[in-house]
């Protein structure tokens with residue numbers, strides 16, 4: 001059996017009724033009892049409604065993932081974005097004038113603290129970029145986010161660098177099936193050694209960190225709205241651009257060019273950034289494995305992903321990483337030339 005890497009705190013003891021009562025107390029609301037669980041990979045997110053018909057979204061952060069200070073830096077980023085007219089939804093202040101509350105519960109595992117925040121609900125439809133102007137708008141939103149965060153200097157948020165990648169490898173390595181553990185470790189460690197110095201060489205900026213199109217809504221009469229800053233971190237700004245593409249960058253020259261055109265009205269990409277996209281894709285694959293590894297003890301995770309960590313699971317994951325590494329090796333020189341043009 002592989003060694004057991006540490007997991008984040010579990011949500012198994014947090015019931016919807018506990019969440020509802022905690023929000024009522026912290027924000028002084030009279031809720032009507034309506035509570036809807038939203039899909040979320042890491043946190044617990046609930047839709048609520050008060051007796052006057054106003055709708056809210058309560059977000060309970062996974063225990064052990066972020067410190068209180070780190071979450072407040074996320075909230076500070078949202079406030080700065082709002083001040084700069086970037087379309088986001090900052091959290092509401094509670095009766096103590098704070099954007100973050102906490103709930104402590106005691107169980108057989110000891111005392112667990114859940115931090116939670118409350119947001120006004122803002123609906124919208126998914127934004128399907130089709131015409132040139134749509135792609136420019138997406139690029140402009142990313143540029144405005146980065147421009148808003150340029151003066152912020154968070155101390156508690158993660159930094160996407162070789163040190164973080166090494167920590168993620170240390171977390172995942174012991175969980176890999178013994179048959180593949182050596183190859184997995186060599187492959188990932190080799191990529192970190194090869195590309196880590198270039199990653200460390202980029203000037204870090206505060207970025208959204210998970211800016212795929214699922215986190216951008218289109219609100220009728222208002223325009224685009226960016227949600228879910230839970231993964232904001234210090235990293236290369238191009239991370240927020242390549243995630244917006246519908247396919248690999250090599251197949252999306254038009255879309256990428258338009259994104260950059262819109263982005264450039266508000267911020268600039270560092271030289272060589274575009275040539276590093278496939279390395280960033282590899283590191284995101286690694287990050288996602290670490291993300292899942294931290295949740296593996298949750299009852300819902302065991303139910304929905306019973307094969308996670310099995311021999312067959314690692315066969316597929318390792319082949320995906322091999323293929324991505326081969327793509328980087330085969331396209332590296334050509335990609336770098338294109339990125340510098």
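List of remarks:
- If the condition is being part of a helix (DSSP H, G or I) and crowded, with 16+ Cβ neighbours inside 10 Å, then region 147-165 contributes 147, 148, 149, 162, 164, 165.
- Failed item in (1) assigned to a helix (DSSP H, G or I); (2) over 15 Å from residue 228 (Cβ atoms), with residue 78 passing the rest: (2)
- Hey, residue 260 closer than 19 Å to residue 127 by Cα and in contact with a helix residue (DSSP H, G or I) (Cβ under 9 Å, 6 or more places away or on another chain) or not: yes
- The residue that is farthest from the chain's Cα centre (by Cα), among those in region 24-42 that are closer than 18 Å to residue 61 by Cβ and not in a helix (DSSP H, G or I), is 35.
- Residue 120 being modelled with pLDDT of 95 or more, closer than 30 Å to residue 60 by Cα and in contact with a strand residue (DSSP E or B) (Cβ under 9 Å, 6 or more places away or on another chain): yes
- When residue 113 is tested against (1) modelled with pLDDT of 95 or more; (2) farther than 30 Å from residue 260 by Cβ, just one condition goes unmet, and that condition is (1).
- The lone exception for residue 78 - which of (1) out of contact with any helix residue (DSSP H, G or I) (no Cβ under 8 Å at 6 or more places or on another chain); (2) surrounded by 19 or more Cβ atoms within 10 Å (Cβ to Cβ); (3) within 25 Å of residue 292 (Cβ to Cβ) it fails: (3)
- Only listed residue being part of a helix (DSSP H, G or I) and free of Cβ contacts under 8 Å to residues at least 40 places away in the same chain, chosen from 143, 196, 97, 139: 196
- Residues of region 123-146 satisfying the condition of being farther than 17 Å from residue 59 by Cβ and loosely packed, with under 13 Cβ neighbours inside 10 Å: 125, 126, 128, 130, 131, 133
- Output for region 1-20, where each listed residue is at pLDDT 90 or above and exposed (fewer than 13 other Cβ atoms within 10 Å of the Cβ): 17
- Residue check, residue 183 surrounded by fewer than 21 Cβ atoms within 10 Å (Cβ to Cβ), closer than 28 Å to residue 329 by Cα, touching a residue at least 24 places away in the same chain (Cβ under 8 Å) and not assigned by TED's automatic domain parsing to the domain that holds residue 71: yes
- Selected residue (criterion: surrounded by the fewest Cβ atoms within 10 Å (Cβ to Cβ)) from residues of region 253-271 that are closer than 27 Å to residue 200 by Cβ and without any contact (Cβ under 8 Å) to a residue 40 or more places away in the chain: 268
- Some residue of region 323-334 being at pLDDT 95 or above, closer than 30 Å to residue 183 by Cβ and touching a strand residue (DSSP E or B) at 6+ places or on another chain (Cβ under 9 Å): no
- Flag if residue 235 is within 20 Å of the chain's Cα centre (by Cα), closer than 30 Å to residue 90 by Cβ, surrounded by 21 or more Cβ atoms within 10 Å (Cβ to Cβ) and at pLDDT 95 or above: yes
- Selection status of residue 83, exposed (fewer than 13 other Cβ atoms within 10 Å of the Cβ), modelled with pLDDT of 95 or more and in contact with a helix residue (DSSP H, G or I) (Cβ under 8 Å, 6 or more places away or on another chain): yes
- Any chance residue 212 is under 18 Å from residue 146 (Cβ atoms), crowded, with 21+ Cβ neighbours inside 10 Å and not assigned by TED's automatic domain parsing to the domain that holds residue 71: no
- Output for region 21-35, where each listed residue is farther than 17 Å from residue 99 by Cβ, in contact (Cβ under 8 Å) with a residue 12 or more places away in the chain and surrounded by fewer than 18 Cβ atoms within 10 Å (Cβ to Cβ): 30, 32, 33, 34, 35
The values are calculated or read from the model by the stated rules, or taken from the named source; none is laboratory data. The structure displayed is predicted, hence computed values, not measured ones. All Cβ positions, glycine included, derive from the backbone under ideal geometry; neighbour counts span all protein chains shown.
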